[in-house]
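> I'd like to ask some things about the structure below.
Each reported figure results from applying straightforward, stated rules to the coordinates on display, with no laboratory input. Note that the coordinates shown come from a computational prediction; the quantities given were computed from them, not determined experimentally. Cβ coordinates were reconstructed from backbone atoms using ideal geometry, including for glycine residues, and neighbour counts include every protein chain displayed.
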Amino acid sequence: MGLTLAQKIIQSHLVSGTMKAGEEIALRIDQTLTQDATGTMAYLEFEAMGIDRVRTEKSVAYIDHNTLQSGFENADDHRYIQTVAKKHGIYFSRPGNGICHQVHLERFGIPGKTLIGSDSHTPTGGGIGMLAFGAGGLDVAVAMGGGAYYITMPRMIRVNLTGKLNPFVTAKDVSLEILRILSVKGGVGSIIEWGGPGIQTLSVPERATITNMGTELGATTSIFPSDEITKAFLKAQGRAGDYRPLAADPDAVYDRVIDIDLSALKPLIACPHMPDNVVTVESLKGTRVDQVCIGSCTNSSLLDLLKVAALLKGKTVDPRVSVSVSPGSRQVLSMLADCGALSDILASGARLLECACGPCIGMGFSPNSGGVSLRTFNRNFEGRSGTRDAKVYLVSPETAVAAALTGEITDPRLLGDAPVVSLPEKFRIDDSAVLSPATPEEAASVEVLRGPNIKEFPKTKPLENTVTAELTLKVGDNITTDHIMPAGSKILPYRSNIPYLSKFCFAVCDESFAERSLAAGNGFVVGGENYGQGSSREHAALVPLYLGVRAVIAKSFARIHAANLINAGILPLTFADPADYENLNQGDRLILTDLGAGMKAGKILLQNETTGKTIALVCSFTDRQREILLAGGLLAYTKAAN
């Protein structure tokens with residue numbers, strides 16, 4: 001029996017465990033990346049481990065999230081990251097150089113290598129055949145120190161593509177179609193492997209759009225083969241030597257196979273407030289649009305923006321619509337300027353934003369109150385745009401342009417002839433905005449600069465055998481990390497200051513949560529299905545840790561968030577019978593007993609002291625995870641191990 005592509009890369013990087021679905025495995029990590037919203041905490045954690053220099057093949061620190069410098073906080077974080085990177089052997093991508101996933105794909109990604117990043121959309125690297133995972137910052141810090149990355153061995157899902165996309169139907173529509181099929185939790189515990197004759201019609205940027213959006217499925221990661229299309233892309237980037245062919249064995253066995261005929265797809269759109277709320281664009285014809293945003297790590301490549309420029313050329317955006325364009329990298333922006341496409345974009349009335357995440361994370365360009373915003377992004381969670389009552393839709397760049405020109409949701413196939421755009425044989429190469437680290441000899445003299453907003457990692461404590469606490473918050477299904485720890489321009493500058501950041505925890509659900517939690521001292525949180533989906537931000541675990549949350553009890557968890565809770569020393573527990581969710585109410589006094597034996601057996605009893613009911617909970621912790629929880633989190637566990 002042959003191996004899938006992902007299994008081949010896992011096998012070549014396996015440190016411990018066996019490749020049996022559901023079992024814990026440890027992987028050797030070749031590369032890491034961080035971004036500035038999560039990077040400061042990741043590097044504070046790395047420093048706490050006492051390791052002088054990173055032990056990966058390449059680690060890169062990107063500044064792409066908190067680029068709005070309306071106070072000293074973001075600038076101080078950037079300075080800290082730059083100096084800590086220089087001292088410890090990490091490459092530093094300066095502000096303005098671009099979004100981490102776009103730049104890493106262009107300049108550093110290598111087929112067959114493993115990559116983890118403190119950003120959930122790190123699987124973008126699967127577009128060139130990398131095995132790339134989103135992870136919490138502490139997992140990234142451990143990998144930088146030479147430690148393995150632990151995951152549950154995923155199931156394998158194969159998506160076979162046939163046919164060819166019709167004009168104005170795009171890779172984004174492929175992403176939305178698989179979301180329509182699987183939902184935002186349908187990929188949990190799985191790797192999505194893309195194949196079939198249809199992949200030969202997709203360029204690397206198109207493949208990267210699809211692997212990027214695989215994160216919204218809850219998938220462990222997504223990956224395409226490395227083939228002649230990959231080779232051409234790397235050669236154009238001046239990196240032909242990084243190419244290696246990679247493919248699944250012909251007799252590889254998958255847990256599920258999904259067939260998609262590209263030629264049968266239509267332009268699709270995800271409606272508020274979930275990426276899997278997908279319908280056809282034509283079904284929403286005539287819906288008034290206030291704002292259009294083009295960019296993000298999903299759709300900001302040169303290929304995307306050349307198409308946008310061609311569609312906008314000689315036209316003017318509707319006066320009722322505010323339009324922004326964010327190139328994904330300095331390379332993209334430079335090449336748009338060189339060929340005149342940037343002038344076509346600007347002449348249309350669109351506003352040019354920085355090569356950064358920007359509106360995707362609520363960092364500027366928020367919609368008007370109650371506004372309808374069409375975005376080429378990957379998430380449309382409620383309030384994520386910075387405007388709580390905005391209605392955000394996810395679309396392709398072509399559908400975005402159609403709305404920008406007409407002032408309403410419009411099927412892009414009505415725009416006329418589709419522009420014919422191809423990738424260049426040679427990209428413009430300028431890596432001057434990526435700063436190399438100091439040599440080991442120079443590193444001793446490098447001073448790491450910390451601003452006053454940078455606070456220590458929250459203090460943890462070993463897990464007791466019995467925990468008694470109040471149920472301080474009960475929430476429903478599909479609670480995202482944006483619900484738990486919101487982003488946006490008012491909050492992101494405090495990502496390195498957990499005490500201040502805690503004021504905003506769960507504010508989307510309950511503005512009194514932080515105050516009540518601090519008053520309670522210890523607390524439990526109860527949630528529904530797919531708790532913690534979305535971003536990899538470990539702050540959604542670290543801030544509850546600071547607020548005294550000892551356990552989260554849910555019907556099911558998103559993979560990265562469950563791992564982050566364990567890393568923070570917070571118990572993620574699930575109901576043995578999901579109906580017991582109804583037997584818990586906010587304010588109840590709860591007791592978890594005999595935790596040591598219960599974690600080992602996978603069964604824990606929860607006593608509801610308020611109602612007198614006993615509720616059965618389950619868990620499936622590995623020996624290592626139990627030791628992490630008993631130690632009070634991964635940092636305490638790692639320091640003790642060293």
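> With an 8 Å Cα cut-off and a minimum separation of 6 or more residues, compute the relative contact order for the stretch 5-264 in percent.
Relative contact order comes out at 22 percent.
> Past the 24 Å Cα-Cα mark, which pairs from Lys461/Lys613; Lys555/Lys603; Lys164/Lys315; Lys285/Lys307?
Checking Cα-Cα distances, Lys461/Lys613; Lys164/Lys315 exceed 24 Å.
> Normalised by the number of residues in the stretch 467-641, what is the relative contact order in percent for Cα pairs under 8 Å and 6+ residues apart?
Worked out over the stretch 467-641, it gives 22 percent.
> Whole-Hz ³J(HN,Hα) for each residue in the stretch 92-107, computed from phi via Karplus 6.51 cos²θ - 1.76 cosθ + 1.60 with θ = phi - 60°, x for glycine and proline: what do you get?
Result, rounded to whole Hz: 10, 8, 5, x, x, 6, x, 6, 3, 5, 5, 5, 5, 4, 5, 10.
> For the chain, what is the relative contact order in percent, using Cα pairs closer than 8 Å and at least 6 residues apart in sequence?
Once normalised by length, the contact order is 14 percent.
> Another question, then. Please sort by residue number the trypsin sites (Lys or Arg not before Pro) in the stretch 547-615 whose DSSP state is loop and whose Cβ has at most 15 other Cβ atoms within 10 Å.
In loop regions of the stretch 547-615 (DSSP not H, G, I, E or B), the sparsely surrounded trypsin sites (Lys or Arg not before Pro) are Lys613.
> To continue, here is another question. Can I get the semi-axes of the chain's equivalent ellipsoid? Compute them from the C-alpha gyration tensor as square roots of 5 times the eigenvalues, in angstrom, largest first.
37, 27, 26
> A further question follows. State which entries of Lys474/Lys639; Lys172/Lys391; Lys20/Lys113 exceed 24 angstrom in Cα-Cα distance in the structure shown.
Lys474/Lys639
> Counting DSSP beta bridges in the stretch 5-264, what percent are antiparallel, to the nearest 5?
Roughly 20 percent of the DSSP beta bridges within the stretch 5-264 come out antiparallel.
> Continuing with this model, one more query. Excluding same-chain residues fewer than 8 positions from Lys313, which aspartates and glutamates have a Cα within less than 17 Å of its Cα?
Partners within reach: Asp304, Asp338, Asp344, Glu398, Asp417.
> Also, quick follow-up: Nearest 10 degrees, 0 to 90: what angle lies between the long axis of helix 171-182 and the longest principal axis of the chain (Cα atoms)?
40
> 5 Å is the cut-off here: which amide hydrogens, built 1.01 Å from N in the peptide plane, fall below it relative to Ile258, excluding neighbours closer than 5 in sequence?
Correct list: Arg158, Val159, Asn160.
> Can you sort His483, His13 by how many other beta carbons sit within 10 Å, fewest first?
Listing His483, His13 from fewest to most nearby Cβ atoms yields His13, His483.
> Dipole magnitude of the chain about its Cα centre, charges +1 at Lys/Arg Cβ and -1 at Asp/Glu Cβ only, in debye to the nearest 20?
Here the chain has a charge dipole of around 320 debye.
> Summing +1 for each Lys or Arg and -1 for each Asp or Glu, what net charge is found among the other residues whose Cβ lies under 14 Å from the Cβ of Ile566?
After counting each charged neighbour, the total is -1.
> Something else about it: To make sure I understand the rule: partners must be lysines, Cα under 17 Å from the Cα of Lys235, and not fewer than 8 residues away in the same chain. Which ones qualify?
Reachable lysines: Lys426.
> Kindly put Glu627, Glu382, Glu45 in sequence by how many other C-beta atoms sit within 10 Å of each C-beta, fewest to most.
Ordered by Cβ neighbours within 10 Å, fewest first: Glu627, Glu382, Glu45.
> If you don't mind, there's one more thing I want to ask. How far, in degrees from 0 to 90, does helix 204-213 lean away from the longest principal axis of the Cα atoms of the chain, to the nearest 10?
The angle comes out at about 30 degrees.
> Angle check, please: helix 72-88 long axis (alpha carbons) against the longest principal axis of the chain (alpha carbons), in degrees 0 to 90, nearest 10.
80
> Let a ≥ b ≥ c be the square roots of the eigenvalues of the Cα gyration tensor of the stretch 78-160; is it rounded (a/c under 1.5), or, if not, prolate (a/b larger than b/c) or oblate?
Oblate is the answer for the stretch 78-160, as a/c is 1.5 or above yet b/c matches or exceeds a/b.
> For the stretch 268-412, what ratio Rg/Rh do Cα atoms give with a Kirkwood hydrodynamic radius?
For the stretch 268-412, the value is 0.94.
> Two decimals is fine: what is log10 I(q)/I(0) at q = 0.16, 0.17 Å⁻¹ for the stretch 5-264, from a Debye sum with one equal scatterer on every Cα and no solvent?
Scattering profile of the stretch 5-264, log10 relative to I(0): -1.18, -1.30.
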